[in-house]
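Report on the following structure.
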Amino acid sequence: MEEFLVHVKRGLSQNPKKLSSRYFYDTQGDALYQQIMQLKEYYLPACEMQIIKSRSSEIARRIAAIHPHLQVIELGAGDGSKTRYMMYHFHPFFDQLEYIAMDISANVLEINRKEILEQTPELNYQNVAGNYFETYPKLKRGDAGRLVLFLGANIGNYLKQDAIDFFDFIKSGLQINDYLLVAFDLVKHPRKILKAYDDSKGATKAFNLNLLERINRELGGNFKLDDFDHFPFYNPQNGITTSNIISLKEQEVKLSDGSVFHFDAYEAIHTEVSKKFFRQDIEDIASKSNYLMDETYYDEKKEYAFVLFKHEAQKNIIANPSANVFQSLP
Ligand SMILES: C[S@@+](CC[C@H](N)C(=O)[O-])C[C@H]1O[C@@H](n2cnc3c(N)ncnc32)[C@H](O)[C@@H]1O
């Protein structure tokens, strides 16, 4: 609450105004995101599910050859509706398999627990609520190998240097021969991308505007939602989608602590970036953070990729040529 207040006051006082996507996910935001995941236009979960269902056993076999005991840590795990299938396929390959779901939303982790244990009741399951920048470094490990999962194309929320820093942060909890599996949404037709963030049912609009509702609920704000709109924008030159909330008129908004924020007509609040990856982007992140790109798994249209990175002692290895993420891209 205190952290949210500080963030909102700082973000709405700067020019251009900015709020972090981290705060999308309260109970209402979790429910809205689950609706978005059902939308046909929001193609990402279907691509991800296709890879999980068709390739999880192969991924597990590759990792189990090195680590018969495995600790899987999922950052920003969400409701577990996709990972449940991954853990189901993983389970037979390991002598011991532990799964730790980490998310800032305690609410979504309860859904996650039900989903994952319903599919694989014998799994050694844990979850940890909180900001993963604080909770991940405190995790204990025994003699098991580690696999960190960062799925849902969440890496797209970080621009290049931030993504490299994030890979470094993950590596701080890895040992040599541990793995990181990241889902990347690849560049594709710009109209398809734009529709995913501007759906016809208005679910992405409701999801974005929930940030203002959350400020009203938790910080005593007086945002009138009809005076704001949602405006996503995709730039095919750099593969970056940005989500913005637009003030439809000149207005002032107050919080219960007395702070006041002025909005010009058509002024934007930036809320999120969703980067779509070119081949060079992934290569750069891997080489600058010193991971080996061990293997790549695509959906059938090659519009989405899971890249398995390995923490190796050598420096600046991109890939063995057959594993290169880009070999078979058009
Ligand atoms: C876009 S959702 C994806 C969820 C899931 N990985 C999936 O693919 O369905 C992002 C999730 O990350 C969580 N999250 C975002 N920032 C976080 C942070 N700093 N610490 C912990 N969880 C975070 C959110 O609460 C949300 O559940």
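Values quoted throughout were computed directly from the atomic coordinates according to the rules given, and no laboratory measurement underlies them. Quick caveat: nothing in here was measured; it's all calculated off a predicted structure. When we count neighbours, we look across all protein chains shown, and the Cβ atoms used for this are built from the backbone with ideal geometry, even at glycine.
What is the helix-to-structure angle for 2-13, meaning the angle in degrees between its Cα long axis and the longest Cα principal axis of the chain, kept from 0 to 90 and rounded to the nearest 10? Compared with the principal axis, the helix lies near 60 degrees.
Testing the spin-label approximation: label points 7 Å from Cα along Cα→Cβ at Phe233 and Ser54. State their distance in nm. The modelled label-to-label distance comes out at 3.6 nm.
Under the criterion of Cα pairs below 8 Å and six or more residues apart, the relative contact order for segment 1-124 equals 23 percent. Sort segment 41-171 into rounded, prolate or oblate with this rule: let a ≥ b ≥ c be the square roots of the eigenvalues of the Cα gyration tensor; rounded if a/c is under 1.5, and if a/c is not under 1.5, prolate when a/b is larger than b/c, oblate otherwise. Rounded, because the longest to shortest axis ratio a/c is under 1.5.
Its Cα gyration tensor gives the chain an equivalent ellipsoid; the semi-axes, largest first and in whole Å, are 35, 22, 19. Note on Asp95 and Asn15: the extension gain reaches 23.4 nm, defined as 0.36 nm multiplied by sequence separation minus the Cα-Cα distance. In degrees from 0 to 90, rounded to the nearest 10, what is the angle of the helix 27-38 Cα long axis to the longest principal axis of the chain? Roughly 60 degrees, rounded to the nearest 10.
Considering only C-alpha atoms, what is the centroid distance from segment 127-174 to segment 183-217, in Å? Measuring centre to centre over Cα atoms gives 24 Å. For the pair Ala265 and Glu300 in one chain, pulling the backbone fully straight at 0.36 nm per residue adds 8.1 nm over the alpha carbon distance. If you line up the long axis of helix 160-171 against the longest principal axis of the chain, both from Cα atoms, how many degrees apart are they, to the nearest 10? Roughly 50 degrees, rounded to the nearest 10.
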